[in-house]
Amino acid sequence: MSQQFASDNTAGVCPEAMEAFVRANSTGHEISYGDDSWTTQVCDRIREVFESDCEVFFVFNGTAANSLVLGAMCQSYHSVICHDKAHIETDECGAPEFFSGGSKLLVAPGENGKLTPGEIEDLATKRTDMHYPKPKAISLTQATEVGTVYSVEEVRAIATMAQHHGLHIHMDGARFANAVAHLGVSPAEITWRVGVDVLVFGGTKNGLPVGEAVVFFNKALAEDFQYRVKQAGQLASKMRFISAPWLGLLADDVWLKYAAHANAMAQRLYERVRDVAGAKVLFKPQANGVFVELSPHVRDGLLDKGWKFYTFIGEGGCRFMCSWDLLPETVDRLADDIEALSR
Ligand SMILES: *Cc1c(COP(=O)(O)O)cnc(C)c1O
């Protein structure tokens, strides 16, 4: 299939990750279930990248990572504050509720896909009686589901509110690399230094074959986490083949190089479509997605030409996601078609 915009997980594996994957096969036998030399190396590398003595786990996908972390933060009678567009609310089939034994998600409609401290305070203080599930965690998506990015100040303000109300902070970082590339800050500055307890560090959309890293800055929350991972069927026996590809991504800032490229492709598309008559860009892109309202004629015309993209994610406009390997020519061809159909 030619390059597409349906999701940043339609792309394949980046060469650096593939090379590390193959290299992990060169050491013959290794201890299974994560006690291998490759997984040890990756965990150390992640601790370096985050300048933190964090605890790291690997699972197969983002849904499991988010759900197991929320399960670790919450009892069944707790609740999680999140945006109403959050992946945990709209795209995880109730897994966060399932793996936490019933923790309810409390949603708010913040502008530009972001929760605000005010909304959090409203939800956290709305009720204090035992008939309502007690708020225990905040879940932030970074970058957000609509292609925007929380600034350091915004996360800090939310963390202050969280601390005030005794709430943990979970960060769904399926596109964490795109957020860091946009912000130009160190990974530490946008996570534990501003109060994030646990980050789900997304690798798949950044160029890995499979797998997300779960990074606990608050190590008390990691207690017994490996049992949750195992019970959920998320513990890879040949762990090195999930972990080792990270070495390719995390060497020489390859992860940020690809994320910055994907972000730049989104900017390129944005620059072209924002001037098209009848096209309405819904959010100013900061990460690697462009959301634009197009007329039914243009939308159907694009589908007829074979373009693949979603219309049900985010605000109902068309979502164009840019992958780590997206070619500028692909962006230009899409933009040409949007222009031509809009005339
Ligand atoms: C892609 C994505 C995930 C992970 O989805 P899986 O298909 O379960 O790996 C999580 N959060 C967000 C915001 C995503 O876009």
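So here's what we get for this one:
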| item | result |
| --- | --- |
| Summed side-chain charge close to GLY166 - residues other than GLY166 whose Cβ falls under 11 Å, Lys, Arg +1, Asp, Glu -1 | +2 |
| FRET E, pair ALA340, GLU19, Förster distance 56 Å, beta-carbon r, rounded to 0.05 | 0.90 |
| Percent accessible area from carbon and sulfur atoms, the chain, protein chains only, probe 1.4 Å | 50 |
| Whether the range 155-277 is rounded, prolate or oblate, judged on the alpha carbon gyration tensor where a/c under 1.5 counts as rounded | oblate |
| Listed residues TRP324, TRP192 arranged by accessible area, highest first, probe 1.4 Å | TRP192, TRP324 |
| Farthest positive-ward along the chain dipole, Cα basis, beta-carbon charges - from VAL214, ALA108, GLN286 | ALA108 |
| Which of MET73, GLY248, ALA181, positive extreme of dipole for the range 15-252 (C-beta unit charges) | MET73 |
| Rg/Rh ratio calculated on Cα atoms of the range 254-342 (Kirkwood radius) | 0.95 |
| ASP275-ARG127 pseudo-label distance in nm [points 7 Å out on the Cα-to-Cβ vector] | 5.3 |
| At 1.002 mPa s and 20 °C, Stokes D of the chain from Kirkwood alpha-carbon radius, µm² per second | 104 |
| Distance in nm between pseudo-label sites at LYS284 and THR40 (7 Å out along the Cβ direction from Cα) | 4.9 |
| Cα-centre dipole for the chain with unit charges at Cβ (Lys and Arg positive, Asp and Glu negative), debye to 20 | 340 |
| Local net charge near LYS126, Cβ-Cβ under 15 Å (Lys/Arg +1, Asp/Glu -1) | 0 |
| Cα-based equivalent ellipsoid, the range 98-160: semi-axes from gyration tensor eigenvalues, Å | 23, 14, 10 |
| Calculated FRET value between GLN226 and ARG47, using beta carbons and R₀ = 22 Å, to 0.05 | 0.80 |
| Accessible area per residue in Å² at 1.4 Å probe, computed on the chain | 42 |
| Charged-residue dipole, Cβ positions (Lys, Arg, Asp, Glu), the range 73-141 about Cα centre, Debye nearest 20 | 220 |
| Charge dipole (the chain, unit charges on Cβ, about Cα centre) - positive-most of THR128, ALA159, ALA259 | THR128 |
| Greater than 18 Å apart at Cα, pairs in LYS85/LYS280; LYS104/LYS134; LYS85/LYS114; LYS85/LYS134; LYS104/LYS126; LYS85/LYS219 | LYS85/LYS280; LYS85/LYS134; LYS85/LYS219 |
| Those aspartates and glutamates that a straight Cα-Cα span of less than 14 Å connects to LYS308, excepting residues fewer than 8 apart in one chain | ASP8, ASP300, ASP337 |
| Helix-only mean residue ellipticity at 222 nm for the chain, each DSSP H run of n ≥ 4 adding -39500 (n - 2.57), per residue, nearest 500 | -11500 deg cm²/dmol |
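The values are calculated or read from the model by the stated rules, or taken from the named source; none is laboratory data. Since we're looking at a predicted model, the values are computed, not measured. Counting neighbours? That spans all protein chains shown, and the Cβs are built from the backbone with ideal geometry, glycine included. Surface areas here come from the heavy atoms of the whole protein model, side chains and all, with no ligands, DNA or RNA. Shrake-Rupley method; radii C 1.70, N 1.55, O 1.52, S 1.80 Å.
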